[in-house]
Structures are given as C-alpha cells and as structure tokens.
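See below for the structure under consideration.
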Amino acid sequence: MRWALGISYLGQGYDGWQSQPSGRTVQDHLEAALTQFAARPVSTVCAGRTDAGVHGLMQVVHFDTEVQRESFSWVRGTNSFLPSDIAVQWAQPVPDEFHSRASALARRYAYVLLESPVRPSLESGRAGWVFRPLDESALRDAAQRLLGEHDFTSFRASACQARSPIKTMRRIEIARRGPYWRFEFEANAFLHHMIRNILGCLLVVGQGQRPPQWIDEVLAARDRDAAAPTFSPDGLYFLGPVYDARWGLPQRTAAYDWLP
C-alpha cells in the first residue's frame, strides 16, 4: 500500500530535508522513526526539498509498505519516535499512481520578516530581519514584475540541479501585521535558493536602494551576479504542495494559523 504523510518541522537544527551521511536531516529522522514504528525499513519521497534552516509546515511524502496500520496509528506511532521539532500532521492511503513530487501542480512558500531596529530574540531562526523601514508600495510594484512565466536564472543558485530555469510564478502576496511582514509565493516549481534570492532583491527595492523597475533588469540579465545577495533562510517556510482535488489530500495544516 502507498501512504502519503504531511510533515511539519523547524529547520534550525537540521542540515536540510534530504538525507545525508551526517544523519542530521529531517528525512533521516523521519525514515528512522517510520522504520522503528513499522519494524522494517521505510524509504520516503518528498514533494520538495528544503535547505538547512528552512522550516516546513506541510511537507508531503509518500512511501510504500506492506505493513497494515490505521491512519491515526501512522501519525501517533511515528511521532513517538520523532524529536519534538518534527511531527507527522496527517497520514492517508493513496493510489499507487500518486507521487508526492510528480503529482504536485504547484508549491507554496511563505517568508516571515521582522522589521525592527533590534534583531529578533524570541523569533531567532524563525523570522528574517531588516532594520530599515520598508516601502509597501514599492515592494508590491516589484513583486508584480515577477508574476508569470520567466527565465529565473538571475535568482538561481550555482548548485541548482533543475533542468530548466523557466518557471511560472502564479502568485505573490504581501501582508503586514505590526512589525511583521509575510511574503507568500506560489509557483509551478522553484529553483534552488530562488525565493531567498527574490526576497533579497525585493528588500533592496523596499528599502529604497533600487526602484521597482530594477527587477525587470535583473530578470532580463539572466545572471546571478545581477541580483542581490541570498537572504537568510530563517523566516522561510514550505507551506506545502498543491494537488488535484481527486487525491483528497489536505490543502493546509493548523500550523499555518500561528504565522503572522
């Protein structure tokens, strides 16, 4: 039987999602917990890998197993073997043709940012930080220029393994609550460091160092050196993939609710 799981985690203490020899990744801990619970090896495939320091609110994985358990048992049983900053949110059987990565129609991320003269303390590792005031109108103007299909080479990390830099940005939303900003992105797929590189450019514009039209120049350059430095991973959250309704999978988790 094939199962899909929704996973949430804080990325601060891990070397990203993907399994590594160090064993200090979210995937390593999840598979170890699943293996303990199932009493046999379990290998997972995820919807989208996250870097070190990046958090997940609804990472989706699938795995195949002959072990027979109820949905709630996969959740509670696996969580009993996981560290406190990783948790299975839900479990659901899916057809064999479901694939957590290939079946995703889009992916969503949010970046939480603190605008304050003083660096974060309670939010350390969980929110990015800028000490200069941001111009909301300029941010929105710049963000709109990234919507649609573009060659995002200028926002692509040198280590990116994607076959093509051409992606479709479907949605960018910007909201503010007190000193906190929330940037939400949805695209058919993302390049390595793409959001952190985009955010670095948006903040350059928001702080008045460049006009919104500069984003057009960065896109057209198709050169990583044309863009701003990669911004911190601290406030970046993988909100999860978007699937066709026919799979019947949750579209969100309660973990969304505490974000500004």
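The values are calculated or read from the model by the stated rules, or taken from the named source; none is laboratory data. Small disclaimer: the values here were computed from a predicted structure and weren't measured. Using ideal geometry, Cβ is built from the backbone for each residue, glycine included, and neighbour counts are taken over all protein chains shown.
Structure data summary
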{"quantity": "Residue in segment 174-194 that is surrounded by 16 or more Cβ atoms within 10 Å (Cβ to Cβ), in the same structural domain as residue 216 (by TED's automatic domain parsing), of a type in the set (Lys, Arg) and assigned to a loop (DSSP other than H, G, I, E, B) present", "calculated": "no"}
{"quantity": "Any hit, segment 117-125, residues being surrounded by 13 or more Cβ atoms within 10 Å (Cβ to Cβ) and modelled with pLDDT of 95 or more", "calculated": "no"}
{"quantity": "The lone exception for residue 59 - which of (1) assigned to a helix (DSSP H, G or I); (2) surrounded by 23 or more Cβ atoms within 10 Å (Cβ to Cβ); (3) of a type in the set (S, T, N, Q) it fails", "calculated": "(1)"}
{"quantity": "Sole residue being assigned to a strand (DSSP E or B), surrounded by 15 or more Cβ atoms within 10 Å (Cβ to Cβ) and either in contact (Cβ under 8 Å) with a residue 40 or more places away in the chain or of a type in the set (Phe, Trp, Tyr) (or both), chosen from 113, 146, 139, 134", "calculated": "113"}
{"quantity": "Meets criteria (under 20 Å from residue 92 (Cα atoms) and in contact with a strand residue (DSSP E or B) (Cβ under 9 Å, 6 or more places away or on another chain)) for residue 31", "calculated": "yes"}
{"quantity": "Total residues in segment 149-169, condition of a type outside the set (S, T, N, Q) and surrounded by fewer than 16 Cβ atoms within 10 Å (Cβ to Cβ)", "calculated": "6"}
{"quantity": "Options 51, 64, 85; residue that is surrounded by fewer than 14 Cβ atoms within 10 Å (Cβ to Cβ) and closer than 30 Å to residue 188 by Cβ", "calculated": "64"}
{"quantity": "Answer from 90, 129 - the residue that is in the same structural domain as residue 194 (by TED's automatic domain parsing), more than 17 Å from the chain's Cα centre (by Cα) and either assigned to a loop (DSSP other than H, G, I, E, B) or at pLDDT 95 or above (or both)", "calculated": "129"}
